[in-house]
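The values are calculated or read from the model by the stated rules, or taken from the named source; none is laboratory data. Everything numeric in this text was worked out from a predicted model, so none of it was measured. Cβ sites come from the backbone with ideal geometry, for glycine too, and all protein chains shown count toward neighbours.
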Amino acid sequence: MKLHLLDRSNTTASIFVRKNSYANFLKIWHYHPELELVTVLKSKGTRFIGDSIKKFQPKDVVLIGKNLPHMWLNDPKYFNENSTLKAAAISIHFKEDFLGNTFLQLPEIKPIVALFKKAEQGIQFKNVPKSLRQAIVTLNSETDFNKTHQFIGILHQLALHDDFKLLASAGYVSSLKLEESKLSNKVIAYIFKNFNNDINLITVADIANMNPSAFSRSFKRVHRKTFSKYVNEIRVGFACKLLQENELNVAAVAYESGFNNLSNFNRQFKIIKKMSPSGYVKKHSNYTK
């Protein structure tokens, strides 16, 4: 499935609010540098965000991070020639610094900054109050000043909403950052650059100027998972990207992702994604063909 960049650089508004109402949502696997807040008004289907594949329905509220691939695919009945069904949603596109970098540095804005960080994986908010959903829906009818003022309030309420689910895996999101040239941690930079090769614990510990045992304990304390699990999550996340592109068979994807044998790849993939690689391909292709 080809990934498309949607360019909104010609949009002058700092917050772009739009009500989309069509026979079905656009069937395009895409990404963009803006974050996107989506509130589904009508229709059902399957939501693809990174390597997450979940059903969607009315009242769903989802925040998608910048450059995170996604697609909203309606159920087959919405594509029937004689269908009278409608798909509708409110989408809000905005840059992380839509009010400038100084705004993001204010202590009062820390919850929103944390929200943007979580949005890198995509967030589905559950049991969103009707009043908050209504505030999102009516945002487009506000003046530019009120729209900005009220949108900050909406973001703050979402930042404090504690009933949510992260969507794309951390490994998938990490694999999107492989091209970044500036990474603060030398160890993480080394992992990103070498995840699809053999990564020797002794070498990585040496980069951190620690002995292997101390490094392993420190890594688990900071990242809340073992070093090997962290690496495997990145490898599986990258494998999901390759499987979605459907240009390589499963065995080739395994080796391209850094696994030295197919059985280990299948085992680790199933542990992390709760399904086999072939099952992931089948599920993905059933929805997107």
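Output yes when any residue across segment 104-116 is surrounded by 11 or more Cβ atoms within 10 Å (Cβ to Cβ) and part of a strand (DSSP E or B), and no when none is. For segment 104-116, residues surrounded by 11 or more Cβ atoms within 10 Å (Cβ to Cβ) and part of a strand (DSSP E or B): absent. Quick check on residue 75: is it acidic (Asp, Glu) and under 19 Å from the mean Cα position of the chain (by Cα)? No, not satisfied. Pairs linking a residue in segment 129-146 that is modelled with pLDDT of 95 or more to a residue that is surrounded by fewer than 17 Cβ atoms within 10 Å (Cβ to Cβ) and outside any helix (DSSP H, G or I), with Cβ atoms under 7 Å and 6 or more positions apart or on different chains, are 133/59. Of the residues 56, 48, the single one that is within 15 Å of the chain's Cα centre (by Cα), crowded, with 17+ Cβ neighbours inside 10 Å and not polar (S, T, N, Q) is 48.
Contact map, segment 191-213: first residue under 18 Å from residue 229 (Cα atoms), second residue aliphatic (A, V, I, L, M) and in a loop (DSSP other than H, G, I, E, B), Cβ cut-off under 7 Å, separation 6 or more or different chains; pairs are 191/199; 192/178; 192/183. Determine if segment 234-248 includes at least one residue that is at pLDDT 85 or above, surrounded by fewer than 16 Cβ atoms within 10 Å (Cβ to Cβ) and within 24 Å of the chain's Cα centre (by Cα). Yes, some residue in segment 234-248 is at pLDDT 85 or above, surrounded by fewer than 16 Cβ atoms within 10 Å (Cβ to Cβ) and within 24 Å of the chain's Cα centre (by Cα). Taking the criterion of being in a loop (DSSP other than H, G, I, E, B) and basic (Lys, Arg), the residues of segment 222-236 that qualify are 224, 225.
Out of the residues in segment 45-64 that are in a loop (DSSP other than H, G, I, E, B) and under 13 Å from residue 168 (Cα atoms), state the one that is modelled with the highest pLDDT.
Here the residue is 50.
One line per residue, one yes/no per condition, for (1) of a type in the set (D, E, K, R); (2) assigned by TED's automatic domain parsing to the domain that holds residue 272; (3) crowded, with 17+ Cβ neighbours inside 10 Å; (4) in contact with a Lys or Arg (Cβ under 8 Å, 6 or more places away or on another chain):
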position	(1), (2), (3), (4)
96	yes, no, yes, yes
122	no, no, yes, no
127	no, no, no, no
138	no, no, no, no
151	no, no, yes, no
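Being out of contact with any strand residue (DSSP E or B) (no Cβ under 6 Å at 6 or more places or on another chain) and assigned to a helix (DSSP H, G or I) narrows it down to one of 85, 99, 132, so name that one.
When all the criteria are applied, what remains is 132.
Residue 74 - would you say it is surrounded by 15 or more Cβ atoms within 10 Å (Cβ to Cβ), out of contact with any helix residue (DSSP H, G or I) (no Cβ under 7 Å at 6 or more places or on another chain), over 19 Å from residue 130 (Cβ atoms) and polar (S, T, N, Q)? Taking the combined requirement at face value, the residue satisfies it. Considering only residues in segment 261-274 that are within 20 Å of residue 174 (Cβ to Cβ) and not aromatic (Phe, Trp, Tyr), the one that is surrounded by the most Cβ atoms within 10 Å (Cβ to Cβ) turns out to be 268.
Of everything in segment 80-97, what is out of contact with any helix residue (DSSP H, G or I) (no Cβ under 8 Å at 6 or more places or on another chain) and under 20 Å from residue 38 (Cα atoms)? Give them in sequence order.
Listed by number, the residues that qualify are 86, 88, 89, 91, 93, 95.
Among the listed residues 252, 239, identify the single one that is part of a helix (DSSP H, G or I), farther than 21 Å from residue 52 by Cα and not charged (D, E, K, R). Just a single option satisfies the conditions, and that option is 252. Considering 67, 10, the condition of being within 30 Å of residue 143 (Cα to Cα), within 15 Å of the chain's Cα centre (by Cα), part of a loop (DSSP other than H, G, I, E, B) and not basic (Lys, Arg) is satisfied by 67 alone.
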